[in-house]
Amino acid sequence: MAEAPPTDVNAPERPEGLITGTARTVIDGDSLEVASTDGTIDVRLVGVNANERGECFYDEARDYLTSLVEGRQVGIERAGADQFGRVLANIWVDDQLVNLSMVETGHAIAQTPHEDNPYGRLLVATEQTAWESKRGLWSRSACGSEDTGVTISLDVTGVNPAGPDGDVLADEKVTIVNEGTGMQEVTGWVLRDESSRNRLTIEPTTILAADGSLEIDSACTGPVFGCTGTPIWNNDGDMALLLDSNGTVVARARY
């Protein structure tokens, strides 16, 4: 049985005139196949990102989406198509918006809102509540990590420096801040963007001093590797996430 979603989110109303079909196969935490009268529709949930295969919480996200939709009649609220030809959509089961349920239970991350998704801002606000409540992938023990008691935050004020993006990679930066009174080893920790296509890994034996900070720029001039020679952080909105060596999210910052 599907986990009951939290009750602290105001659910939107299901629109009329949706394409309907039966959810047959769940591919992962944000994509599925729907059998309709016109054939099989490959659907990518719009406005959310679930962890990919090989990442912590991949299985949990896929299994939760399966519990919500598999074998059930669903409504498809189209929002376009992606580069793979999949239908971008909000999925409804009765009056439940599945995309929203994935975010509010901590099984998916909200994408930066775009005009093609009327629920984008709701998804982002819902994610904030899930983060504060440490639900799902936001739990400090989600990937088997132990809470060290050290508070880490991210400063994203340097993600959009002046000048052409490709010329200022060393100035495009996110700062990791240790707000605690104890040092924290950050070897193998990963700083990633919302899409997870850009992932910078911190080099071995890197220690973040108490009340100290570490600047991570997009040219990898610091103790990190994984830069591609191109800008990382979107100028029109993105989210930085810091993962420990187990894959648990330690800090996040949206702008």
Self-check item: Counted charge near Phe225, where neighbours are those whose Cβ lies closer than 13 Å (Asp, Glu -1; Lys, Arg +1)
Solution: -1
Quiz item: If you bin every alpha carbon distance in the chain into 5 Å steps from zero, what whole percent lands in each bin?
Solution: 1, 6, 13, 17, 17, 15, 12, 8, 6, 3, 1, 0, 0
Quiz item: For Ser31, which sequence-distant residues (separation of 5 or more, or a different chain) have an amide H within less than 5 Å of its own amide H, given hydrogens modelled in the peptide plane?
Solution: Leu45
Quiz item: Once both axes come from the Cα atoms, what is the angle between helix 58-69 and the longest principal axis of the chain, in degrees from 0 to 90, rounded to 10?
Solution: 20 degrees
Self-check item: Crossing angle, helix 120-133 versus the chain [Cα axis fit, 0-90 degrees, rounded to tens]
Solution: 60 degrees
Quiz prompt | Orientation-averaged projected area, Cα convex hull of the stretch 19-138 (nm²) | solution = 6.9 nm²
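Taken together, the values in this text are just the output of simple stated rules run on the coordinates, not laboratory data. Note that the structure is a prediction, hence the values are computed from the model and not measured. Backbone-built Cβ (ideal geometry, glycine too); neighbour counts: all protein chains shown.
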